[in-house]
Structure formats: C-alpha cells, structure tokens
1. I'm checking my understanding of the structure. Among residues of the stretch 136-155 that are among the aliphatic types (A, V, I, L, M) and within 15 Å of ILE36 (Cβ to Cβ), which one is surrounded by the fewest Cβ atoms within 10 Å (Cβ to Cβ)?
2. Could you list, in sequence order, all residues of the stretch 21-50 that are of a type in the set (A, V, I, L, M) and assigned to a helix (DSSP H, G or I)?
3. Which one of GLU69, GLU81 is under 24 Å from ARG101 (Cβ atoms) and either among the acidic types (Asp, Glu) or out of contact with any Leu (no Cβ under 9 Å at 6 or more places or on another chain) (or both)?
4. If you check every pair at least six apart or on different chains, which have Cβ atoms under 6 Å apart with a residue in the stretch 83-112 that is of a type in the set (Ser, Thr, Tyr) first and a residue that is in a loop (DSSP other than H, G, I, E, B) second?
5. Being of a type in the set (Ser, Thr, Tyr) and modelled with pLDDT under 95 narrows it down to one of THR77, THR2, so name that one.
6. When the stretch 124-169 is examined, which residues are found to be in a strand (DSSP E or B) and of a type in the set (Phe, Trp, Tyr)?
7. Could you list, in sequence order, all residues of the stretch 79-123 that are within 18 Å of ILE54 (Cβ to Cβ) and part of a loop (DSSP other than H, G, I, E, B)?
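The values are calculated or read from the model by the stated rules, or taken from the named source; none is laboratory data. This one's a predicted model, so the numbers in the text were calculated from it and none came from an experiment. Please note: Cβ atoms are built from the backbone with ideal geometry, for glycine as well, and neighbour counts cover all protein chains shown.
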Amino acid sequence: MTAERAQPQPGIRVARPSDAGAVQAIYAPYVAETAISFELEPPGVEEVAHRMEIIGQRYPWLIYELDGEVVGYAYATVHRERAAYGWSADGAVYLSPQAHRRGIGRALYQRLAAILNLQGVHSLYGGITLPNAGSVGLHEACGFVHVGVYREVGYKFGAWHDVGWWGIKLNPPAKDPKPPTSFSPALFELTAPGG
C-alpha cells in the first residue's frame, strides 16, 4: 500500500526568496506588453529577489498558490519617503492570466490590508494606469474609494497615460500615532482565517 501524495492546498502565504522566478514570470508581461507598470524593461530574477528582500523587511509580500503553482502576489511599499507619510503605504497585486476573475486578487488585497492594519498603517493606496476596469473593480470591491487622477503622468509605448489613485483607511486617525511596526510572519498568522 502506497501513501497518497498530499495535494497542495490553494491559498496565501508569505513570499520566500525561492519565489522570485515565479514572481518575475508573472510581472514581466505587465512591463513588456502593457502600460499597467511604468517600468520600461522587465527586471531580472535577481532584481526581483532583491526587491522582495528589501520590501519584506518593512511590509508584507504575499504569494497565492494554486495547485502548487504561484499564480499571484501582493505587496506594500512606501507611499512617499518623507517622514510624515510614514503611516501610509501603497499596495499592488499582480496575477497570472489563469488567476483573473477567481477572487484571488481580492483575497490577496484583503489579507495585505489586514496585516498592514495590525502594523499600524493608517491609509493604503493603489495607483492604476487608466483605463483598467479590472483593477478599478478589484480596488472598489475591496473598499477603496477614488481619490484623484494624475493626468498624463507617464509616457510609455508612444502615449501619455493617466494614473488614478484609490485609497482605503485601515485605522482611525490617532492624535499621536505610534510609528507602524515592521512586518513579521507573526502578523501573517494573526490574520489567518479563523485566527
């Protein structure tokens, strides 16, 4: 009698350095084929690994696995560098084509926001190159509200592009807020369903 091999469970986990290749494979077409990302050349796997390491010291970088394959990811970054912006963060979600319209982006964004809430982040923002009905729909389904548009802020593929901004408040405004804490895997565990 042979033991059956356990099937990987779909779901969200914290990114590992070994995910850099899968993350790069998801992200590269957004750079090379669309104006969704304003990068002009897709970063290599080493650069993606470096970004994951740097971001992961302060904010969550999450992975969604389906049938043992990375099909999406989400992360947060600094909104702006000046100190008074320290309670705000920008979020991003990227999905492989087979992950679209399956609730994966929403699950990633909700878990990301829950962790940032525990870290003490006040506001989370998402910038969307317009038009992009799918991304607008995702943000609004997650509770983000439209806050403005930067007109003709980026130039790519021979055209000027607008970027719309959506935001969500994660914590009520405090009179004297403590600085947000850095990300730790313990925060991920605290936001687990039923956790």
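1. VAL153
2. Matches in the stretch 21-50: ALA22, VAL23, ALA25, ILE26, ALA28, VAL31, ALA32, VAL45, VAL48, ALA49.
3. It is GLU69.
4. Sorted first by the residue in the stretch 83-112, then by its partner, the pairs are TYR85/HIS79; SER88/HIS79; TYR109/CYS142.
5. THR2
6. Hits for the stretch 124-169 are TYR125, TYR150, TYR155, TRP160, TRP165, TRP166.
7. The answer is HIS79, ARG80, GLU81, GLY86, VAL121.
Rundown of residues vs (1) out of contact with any His (no Cβ under 9 Å at 6 or more places or on another chain); (2) modelled with pLDDT of 95 or more; (3) closer than 21 Å to TYR27 by Cβ, yes/no style:
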site: ALA107; (1), (2), (3): yes, yes, yes
site: GLN119; (1), (2), (3): yes, yes, no
site: HIS122; (1), (2), (3): yes, yes, no
site: ASN132; (1), (2), (3): yes, yes, yes
site: CYS142; (1), (2), (3): yes, yes, yes
site: HIS146; (1), (2), (3): no, yes, no
